[in-house]
1. For the range 4-182, what class follows from the C-alpha gyration tensor (a ≥ b ≥ c being the square roots of its eigenvalues): rounded when a/c is under 1.5, otherwise prolate if a/b is larger than b/c, else oblate?
2. Got a sec to turn the phi values of the range 92-102 into Karplus ³J(HN,Hα) couplings, 6.51 cos²θ - 1.76 cosθ + 1.60 with θ = phi - 60°, whole Hz, x for Gly and Pro?
3. Show me the helices of the chain, taken as full DSSP H stretches, that run 18 Å or more along their long axis by Cα and average -1.0 or above in Kyte-Doolittle hydropathy.
4. At 222 nm, what value in deg cm²/dmol follows for the chain if DSSP H runs of at least 4 each add -39500 (n - 2.57) and the sum is divided by all its residues, to the nearest 500?
5. Would you mind ranking 253, 231 so that the residue whose beta carbon has the fewest other beta carbons within 10 Å leads the list?
6. With 21 Å as the limit, write out which pairs from 192/263; 74/129; 97/129; 74/97 have Cα-Cα distances beyond it, or answer none.
7. Using θ = phi - 60° and the Karplus relation 6.51 cos²θ - 1.76 cosθ + 1.60, list the HN-Hα couplings for the range 220-225 in order, rounded to whole Hz, with x at every Gly or Pro.
8. What residue among 299, 196, 289 shows peak mean-square fluctuation when the chain is described by a Gaussian network model with Cα springs under 10 Å?
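Since every read-out is calculated from the coordinates, none of them should be taken as a lab result. Being a predicted model, the structure only gives us computed values, none of them experimental. Neighbour counts are summed over all protein chains in view; Cβ atoms, including those assigned to glycine, are modelled from backbone coordinates with ideal geometry.
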Amino acid sequence: MPRLAHHLTQQKVDIELTTLIGVVADCCADIAALLRHGPMSGILGLAGAENIQGEDQKKLDVISNDMLKEALEKSGLVKGIASEEEDNCVGCSPDGKFLVLFDPLDGSSNIDINSLVGTIFSIYAAPDKTDIGDDDFLRPGNEQVAAGYVLYGPSVMMALTTGQGTQFYMLEQSKGEFLLFDDNVQIPKDTKEFAINASNQRHWAEPMQAYIADLLKGETGPRDKNFNMRWVAAMVGDVHRVLSRGGIFTYPWDKKNPNKAGKLRLMYEANPMGFLVEQAGGKAFTDAIRILDVEPDNIHQRVPVILGSANEVDVCLGYHA
C-alpha cells in the first residue's frame with residue numbers, strides 16, 4: 001500500500017501542499033496516540049472554559065487545538081489558521097502559501113465515553129499579502145485546494161481529497177505512517193440509511209418533519225422501502241459511514257435558536273465534508289443551495305447540512321423546494 005506522500009506525488013499534487021498535508025497527518029497521529037492512553041494520561045474532562053460558540057471545552061479540545069496550531073506554525077507553509085477553538089484567525093508565517101481551518105476534535109462530547117471522535121481540516125491557497133484577518137478566510141468551499149478528516153476509531157483512518165476523488169488511508173501505528181487502501185471512494189446513489197438527531201424532531205421545519213416522517217413509514221409509506229437510522233453524535237463518524245457504505249446525513253435548521261441557521265459550522269465542518277462527499281459522487285447541500293457555493297460571512301458561520309447519497313439528497317431537497 002502506498003504511503004500518503006508517495007500517493008500524493010503520483011497525483012502530481014503540489015509539493016508544498018503534499019508537505020502540509022503530511023504535517024497535519026503527523027499531528028493527527030500524535031493526537032491518536034494521546035487518545036489511546038485515555039484517562040491514564042489525564043486528558044479527559046472539562047478544561048473549565050467555553051469556546052466562541054459558548055460550548056464547554058474539553059481538555060482534549062484545547063490540547064489537540066494547541067498541537068495542530070503549533071505544528072502548522074512551525075511548518076512555515078501556513079499564513080494563518082482558523083479553528084473552532086479560536087475566537088479569531090491566528091497569523092502564522094507571512095510567507096506561508098496556505099490558510100488552514102480545522103475542528104481539532106469533532107465529537108468531543110464522545111471523549112469521556114470512549115466513542116468516535118475525529119479531526120476535520122480544510123486548506124485554501126493564501127492571499128498574496130503579508131497581514132491577514134478573518135475576512136481573508138471568508139471564501140466559498142469551491143475554492144478549497146484540499147480537505148479531509150482523521151477518524152480516531154478502532155483503526156485510525158484519514159479521508160482526503162485534493163480535488164482528484166476521495167481516498168481513504170489507514171495509520172500503520174507501529175510506523176506512524178498513513179497508507180492508502182482505497183483510492184476511489186464512491187458513495188452509492190441510493191440508500192436505505194439515514195442519520196439525524198431525532199431528539200430535535202419537534203424543532204425542525206415542516207419540510208424536514210415531513211421527509212423524516214415518510215422515511216419512518218417504511219415500506220407502508222410513500223417511499224416503499226424500510227429505512228434504518230444511525231447516529232454517532234460526531235459528524236466525522238456519521239460522514240465516514242456515508243462515505244463507506246452510503247446513506248444520508250442531515251443536521252437541519254431548527255427553531256430552538258432561530259438566529260442560528262444550523263448547528264454545524266460552514267468553514268471547518270460543512271465545507272470540508274461537502275468537498276469529500278462530492279468528490280466521492282455524493283451531494284452536499286444546505287436546505288436551499290449547494291454547500292460549496294455558500295458565500296461565508298464569518299469564520300464561525302453555521303449552516304443546515306444535508307449530504308450523502310445523491311438520489312436521496314435530491315429526494316430530501318424536494319421536500320424543501
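1. Values: a/c = 1.91, a/b = 1.14, b/c = 1.68.
Taking the square roots of the gyration eigenvalues as a ≥ b ≥ c, the range 4-182 is oblate.
2. With the stated coefficients, the range 92-102 comes to 10, 8, x, 8, x, 9, 9, 10, 10, 10, 7 Hz.
3. Numbers: long enough: 15-37 (34 Å, 1.27); 59-75 (24 Å, -0.41).
Helices meeting the criterion: 15-37, 59-75.
4. On the way: 7 runs with 89 residues, N = 321.
Mean residue ellipticity, 222 nm, calculated: -8500 deg cm²/dmol.
5. Numbers: 253 23, 231 14.
The fewest-first ordering by Cβ neighbours comes to 231, 253.
6. Result: 192/263 exceed 21 Å.
7. With the stated coefficients, the range 220-225 comes to 8, x, x, 8, 6, 7 Hz.
8. Greatest mean-square fluctuation among the candidates belongs to 289.
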